[in-house]
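For reference, the structure discussed in these notes is given below.
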Amino acid sequence: MTSKFTELAIDCADPRGLARFWCSVLDYEVRDEDEGDGIVTIGSPLVPEGRDRLGPVPPTLTFARVPEGKTVKNRLHIDVNPTDREQEDEVRRLLDLGARHADVGQGDDESWVVLTDPEGNEFCVLAGRCL
């Protein structure tokens, strides 16, 4: 038997705020919130059964409060792909949500755009639309 990718855990200072940002980016919804432990989990409303579903599933994102801040470039990051608009329009939408442009050494001729979420975690907006 093999494993399947069901969730990505992200350390942060403000789980609720970062969850709100990523819900807007991905059209996800809050699945679980534990204020005592400082953990918020979000997932796709299209697959409410999540990891219990057979076959591939859209991964949930779990945001956990940690005391230390981000200090270096992520070694793992999320790539997003616009589904209903061109890359430039999606980048503008994400900037309006609180993302910022980031320079991680990419060249000017790359097909992707590097942004950071409100807590400085890098992610890429890919050029092609994925339906």
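The values are calculated or read from the model by the stated rules, or taken from the named source; none is laboratory data. Fair warning: this is a prediction, and the values are worked out from it, not measured in the lab. Cβ placement follows ideal geometry from the backbone for every residue including glycine, while neighbour counts extend to all protein chains displayed.
Summary table below
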read-out: Test: residue in the range 85-95 that is of a type outside the set (Val, Ile, Thr) and in contact with a helix residue (DSSP H, G or I) (Cβ under 6 Å, 6 or more places away or on another chain); value: no
read-out: Inter-residue pairs, beta-carbon under 6 Å, first closer than 18 Å to residue 125 by Cα and in the range 13-33, second at pLDDT below 95 and surrounded by fewer than 17 Cβ atoms within 10 Å (Cβ to Cβ), 6+ apart; value: 28/44
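Per-residue answers, yes or no, for (1) within 16 Å of residue 99 (Cβ to Cβ); (2) surrounded by 16 or more Cβ atoms within 10 Å (Cβ to Cβ):
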{"residue": "5", "(1), (2)": "no, no"}
{"residue": "14", "(1), (2)": "yes, no"}
{"residue": "23", "(1), (2)": "yes, yes"}
{"residue": "27", "(1), (2)": "yes, no"}
{"residue": "44", "(1), (2)": "no, yes"}
{"residue": "60", "(1), (2)": "no, yes"}
{"residue": "68", "(1), (2)": "no, no"}
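This table checks each residue for (1) of a type in the set (Val, Ile, Thr); (2) surrounded by 12 or more Cβ atoms within 10 Å (Cβ to Cβ); (3) not assigned by TED's automatic domain parsing to the domain that holds residue 27.
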residue: 56; (1), (2), (3): no, no, no
residue: 90; (1), (2), (3): no, yes, yes
residue: 97; (1), (2), (3): no, yes, yes
residue: 102; (1), (2), (3): no, yes, yes
residue: 106; (1), (2), (3): no, yes, yes
residue: 110; (1), (2), (3): no, no, yes
residue: 114; (1), (2), (3): yes, yes, yes
